[in-house]
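The structure under discussion appears below in the form of structure tokens.
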Amino acid sequence: MTQEFNQINKINGTLELPGDKSISHRAVMFASLAKGKSRIYNLSNGEDVKSTLQCFEALGITIQKRSNSIEILGNGYKGLRKAAKDLDAGNSGTTTRLISGILVAQDFDSKIIGDESLSIRPMKRIITPLTLMGANLQSSINYTLPLMIHAVEGIHSINYDMPVASAQVKSAILLAGLHCNDITTVNENIPSRNHTEIMLGLKSTASQSGNTVFVSKENYPVTKEYFVPSDISTASFFIVLTLLSKNSKLKVKNVSLNETRTGVIKVLKSMGGKIEIEDIKQSSGEEYGDIIITSSHLKNIIIDSNIIPNIIDEIPILSIAGIFAEGKFEVRNASELKGKETDRIKSMCHNLKLLGVNVDEYEDGYSLSGKALNMNPTFNSFGDHRIAMAFGILSLLLKDGGRVDNFNCVNISNPNFLRQLNSIIK
Ligand code: S3P
């Protein structure tokens, strides 16, 4: 479906968004591993988290939808059952990489498959450390899906230095480490998102050289009630739209404020964005609160390389803010963008060129200068939800509007994006 967007006048209102995707995946996984009944409130309703739910159902876990929550009856340590069919992770890298860390420790074989996009995403990054733990994984020749995980006698702990800042890789190792008697340690120079550590209550130490996280069987999950705060990555599309629209004000309620995720707020505030946070609360160790955004005049800044892992999913929408901000927008040290749902350096540059902005493309990012020339373009989502939403927002700010093709892909993280948007456009 190609979605048409017309220029808006202003934004006003309050939004309550579905649960954070990263926290939702983990809540489903930990509840499935625990012995007994857990309940999750405000679970993400996106396709990615559905993939995780379906994989655990296929592995013998009973999952029931209640009116305002979801109930999971976990089977406890090594309580998963061999799936009768391949485990389909759909479009979800988080499902694939995290579930692999769990499956390598089971007494049965599994096979993980995914859609076209997921089937070309890099898996060597988990295969290497999990193999060091004694696991037996076989991928295609390019280290991509399908991934076969063969049962082994047992896996063992490791001490691993992360070659890349990736919470998915870190979490795969930590989840495998939950099945080892000895302590597994993971060291990262640049911290990646830490939901796994927080939600499992893992010990971690911070030093000048980075973070070290410790895990063992002692940390195996127990049943819980989870409240999943709203997704800051989803919120960031509405935040940028409000900042860039005249006479606008928006409140987004109960948004995750985990400090490994709030880089987008830090960057936008440094650009001059009027963003305030109020009513901070906590659930399962995760902070959340209300974000209030007011129209602002933005100026581009130098984006520090250390903050890149913290804003990796928000770079598409931050780039849209960058086009309208004073000065040149540049993002570098972000080659991780290439391994996302699409190569986001290529997808962003392709669409920005359609707009007539001057684009310099690099191996690890891009820079943009000049203002938009072409009006009413049709942007290519490339089937990537964050590219689709970023260019939908951009179209709302163009005098003659614009279109985004294959817009349904927003269902991956936020099926109600258009409804939420319409509720705040005045
Ligand atoms: C995620 C981690 C990030 C992020 C992804 C979700 C997670 O990936 O891009 O959308 O839930 O752990 P990497 O950790 O591989 O960068």
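The values are calculated or read from the model by the stated rules, or taken from the named source; none is laboratory data. These numbers come from a predicted model, not from an experiment. When we count neighbours, we look across all protein chains shown, and the Cβ atoms used for this are built from the backbone with ideal geometry, even at glycine. Calculation scope for accessible area: heavy atoms of the full protein, side chains included, ligands and nucleic acids excluded. Shrake-Rupley method; radii C 1.70, N 1.55, O 1.52, S 1.80 Å.
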For the stretch 267-338 and the stretch 93-120, what is the separation of their Cα centres, given in Å?
31
Quickly work out the Arg419-to-Ser119 label distance, labels modelled 7 Å from Cα along the C-beta direction, and quote it in nm with one decimal.
3.2
With runs of 4+ DSSP H residues as the only contributors, calculate the mean residue ellipticity of the chain at 222 nm using -39,500 (n - 2.57) per run, divided by the residue total and rounded to the nearest 500.
-9000 deg cm²/dmol
Using a cut-off of 14 Å between beta-carbons, work out the net charge of the residues near Asn68 (Lys and Arg +1, Asp and Glu -1, Asn68 not included).
0
Per 10 Å bin, what is the whole-percent P(r) computed from every C-alpha pair distance within the stretch 21-214?
9, 38, 39, 13, 1
What ³J(HN,Hα) values, in whole Hz, does the Karplus curve 6.51 cos²θ - 1.76 cosθ + 1.60 give for the stretch 176-190 when θ = phi - 60°, with x put for Gly and Pro?
5, x, 5, 9, 10, 5, 7, 7, 8, 10, 10, 10, 10, 6, 10
How much accessible area per residue does the stretch 215-296 have, in Å², with a 1.4 Å probe?
37
Cβ-placed point charges (K, R +1; D, E -1), dipole of the chain about Cα centre in debye, nearest 20
740
Calculate what fraction, in whole %, of the accessible area of the chain sits on carbon and sulfur atoms when a 1.4 Å probe is rolled over the protein chains.
46
If each part is reduced to its alpha-carbon centroid, the stretch 367-413 and the stretch 1-77 end up apart, in Å, by 26
Check: the stretch 1-134 dipole with +1 on Lys, Arg Cβ and -1 on Asp, Glu Cβ, in debye:
480
For 5-16, 342-353, ranked highest to lowest by mean beta-carbon neighbours within 10 Å, the order is 342-353, 5-16
Amide hydrogen neighbours beyond the local backbone of Asn45, cut-off 5 Å, H modeled:
Gly19
Among Gly60, Tyr77, Pro18, pick out the residue whose Cα is farthest towards the positive end of the charge dipole of the chain, where Lys and Arg carry +1 and Asp and Glu carry -1 on C-beta, about the Cα centre.
Pro18
Ratio of alpha-carbon Rg to the 2.2 N^0.38 Å globular estimate for the stretch 120-202, to two decimals, please.
1.08
Taking only the alpha carbons of the chain, what extent do you get along each of the three principal axes, in Å, biggest first?
63, 45, 44
Output the relative contact order of the stretch 1-124, whole-number percent, from Cα pairs under 8 angstrom with separation of 6+ residues.
23
Quick one: which residues, 5+ away or cross-chain, put their amide H under 5 Å from the amide H of Arg121? H built at 1.01 Å from N.
Leu145
For the stretch 21-214, accessible area per residue (1.4 Å probe, heavy atoms of protein chains only), Å²:
40
Most packed first (mean Cβ within 10 Å per residue), the peptides 156-164, 199-207 order as 156-164, 199-207
Lys and Arg at +1, Asp and Glu at -1: neighbours of Lys346 with Cβ under 15 Å from its Cβ sum to -2
